[in-house]
Amino acid sequence: MPPGTSWGKSSCDGGVATLADNGIFDFFSSDTWAVIRNLSLFFVGVFWLSVAFWVYKDARRRIEDPWLVAMATLLGLVPPFVGAIIYMLFRPPEYLEDVRERELEIKAMEERLSRRDLHCPVCRADVDASFLICPVCTTRLRQSCRNCKAPLEALWQVCPYCEKPVEPAAVQLDETQALAPPRRERHA
């Protein structure tokens, strides 16, 4: 600043000009600024309440206890905008509906495994554990004991009913299969 001049003095008319005369303070004291400020505060307030409402709706979908839902909603309200972020960090990871659905699926799978229905490997018809062949498609399901005719499992070495050793099922071969493998003829 050159010597002899001071802040707020106008050089053209020699009078004192304040900053309010420059128009900056005129804007902030005008009705336009009051409307802008009030609308901004209104929208910030509506956004704050909508964030708190979102926290409430989300907490109801994730938390069973009504007291914890109320505390989560209060957390979404009291520290404005920060409470919702804190809630998002500590909220349960799944919706209650998803938890119930998963529990029902697990229960259904456990029930299916517990009853262990037997099915024919070919036609998928229900068969009993004592069946030797499938009554629908006549697929051989088990071997029978040669002594007591009880059904045997494939890996059993001894019949548990009559204590006789299980003879491996003999594979019947045709005459052509019983012979040595065919040789290839050489083409000269």
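Of the helices (runs of 4 or more DSSP H) lying entirely inside region 24-106, those containing at least 1 residues that are within 23 Å of the chain's Cα centre (by Cα) and not charged (D, E, K, R) are 31-62, 66-77, 82-90. Sub-6 Å Cβ pairs linking a first residue in region 34-52 that is outside the structural domain of Met88 (by TED's automatic domain parsing) to a second residue that is part of a helix (DSSP H, G or I), at least 6 apart or interchain, number zero.
Checked against (1) modelled with pLDDT of 90 or more; (2) under 29 Å from Lys149 (Cα atoms); (3) surrounded by 13 or more Cβ atoms within 10 Å (Cβ to Cβ); (4) not charged (D, E, K, R), Cys137 meets all criteria but (3).
Only a single item in (1) closer than 30 Å to Phe43 by Cα; (2) modelled with pLDDT of 90 or more is not met by Leu96, and it is number (1).
The values are calculated or read from the model by the stated rules, or taken from the named source; none is laboratory data. What you see is a predicted model; the values in this text were computed from it and never measured. With ideal geometry, Cβ positions are generated from the backbone for all residues, glycine too; neighbour counts draw on all protein chains shown.
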